[in-house]
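To start, the structure itself, in structure tokens.
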Amino acid sequence: MDEQANFEYKGGENLDAMKEARNYNRFLLETLRQNLAGEHILDFGAGVGTFAQPLHSSGIDVSCVEPDAQLRNGLSMYGLRAFADIADVPDESVDFLYSLNVLEHIEDDCGALIGLYQRLRPGARILIYVPAFACLYSKMDELVGHHRRYRRSGLIAKMKVAGFQIEKAAYVDSLGFFAALAFRWLGRGDGSISAGSVRIYDRFIFPLSLLLDRIFCTVFGKNLLVVGTRPL
């Protein structure tokens with residue numbers, strides 16, 4: 001996809017601040033492990049390998065799609081096979097594909113979902129994790145290059161059009177919804193976030209938020225998690 005080839009990362013300071021989100025990243029990694037299936041795994045939008053590296057280190061066969069050449073070289077240094085574009089991945093070659101906080105960066109997200117569908121083997125599973133609710137869209141979203149935030153029904157509809165059957169669709173981080181809403185109105189005008197604020201939220205609020213998600217996961221949350229399959 002030409003759009004991927006021309007991808008440019010934005011908001012590097014915010015990405016650095018998110019390194020403090022240890023509980024958050026641990027939650028996502030555990031979610032991946034709970035949904036893994038098959039032998040050939042693909043990380044779509046791998047970045048620095050935050051999730052691909054630990055999976056690879058535990059003996060899981062992970063390949064990556066990463067449009068940024070410098071980051072792609074870094075992934076290769078860790079022994080990860082890295083493609084510049086999803087078009088470089090053979091059709092029907094993937095048993096499990098995951099994409100964490102990537103789809104919102106792609107203008108033609110419907111086209112991207114179709115491309116992902118084509119790379120999955122029949123019966124293979126996909127896990128998509130994205131920011132939720134347009135009402136939370138803020139200067140931070142603009143800074144890091146988000147085209148949109150998603151509603152549960154909207155992403156399900158787009159995935160169904162691409163051909164996927166939906167196994168699960170749930171909002172994540174219910175307290176984060178209110179934190180993001182406050183940031184929209186009271187946050188820094190340039191959309192930046194501080195490492196200190198990320199650390200405090202991650203250590204003290206995010207664990208409680210996950211507990212509350214058991215009640216509110218179908219109603220609201222800062223993010224949206226969808227698991228689907230390519231039908232046999």
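Read-outs: derived from the displayed coordinates by stated rules, not from any lab. All values derive from a computational prediction rather than experimental measurement. Note: ideal-geometry Cβ built from the backbone for every residue, glycine included; neighbour counts use all protein chains shown.
Annotations for the structure displayed:
- Hull volume in cubic angstrom per residue (convex hull over the Cα atoms of region 81-127): 83
- Amide proton proximity set for Asn101, modelled H, under 5 Å, gap of 5+: Tyr129, Val130
- Each of Ile200, Ala157, Gly123 was scored by the projection of its Cα onto the charge dipole of the chain, and the greatest displacement toward the positive side belongs to Ile200; charges sit on the C-beta of Lys, Arg, Asp and Glu.
- Computed about the Cα centre, the dipole magnitude for the chain is approximately 960 debye when only Lys and Arg (+1) and Asp and Glu (-1) carry charge, each at its Cβ.
- Taking every DSSP helix (H) stretch of at least 4 residues in the chain, weighting each as -39,500 (n - 2.57) and dividing the sum by the residue count yields a mean residue ellipticity at 222 nm of -11500 deg cm²/dmol.
- Net charge of neighbours whose Cβ lies under 14 Å from the Cβ of Val94, counting Lys and Arg as +1 and Asp and Glu as -1: -2
- Spin-label pair Glu92/Arg121, simplified geometry with 7 Å Cα→Cβ offset, distance in nm: 1.1
- Computed from backbone phi with θ = phi - 60° and the Karplus coefficients 6.51, -1.76 and 1.60, the 3J(HN,Hα) list for region 36-45 is 4, 8, x, 9, 10, 10, 10, 9, 8, x Hz; x is used for glycine and proline.
- Net dipole in debye of region 177-232 [+1 Lys, Arg Cβ; -1 Asp, Glu Cβ; about Cα centre; nearest 20]: 60
- Amide H to amide H distances under 5 Å link Phe164 with no residue, where only residues 5 or more positions off or on other chains count and H is placed in the peptide plane.
- Share, in percent, of DSSP beta bridges within the chain that are antiparallel, nearest 5: 45
- Measuring nothing but alpha carbons in region 116-232 and taking Rh as the Kirkwood radius, the Rg to Rh ratio lands at 1.03.
- The HN-Hα couplings worked out from phi for region 148-154 by the Karplus form 6.51 cos²θ - 1.76 cosθ + 1.60 (θ = phi - 60°) are 6, 10, 10, 9, 4, 5, x Hz, whole numbers, x standing for Gly and Pro.
- Reducing region 40-98 and region 164-181 to their Cα centroids gives an inter-centroid distance of 25 Å.
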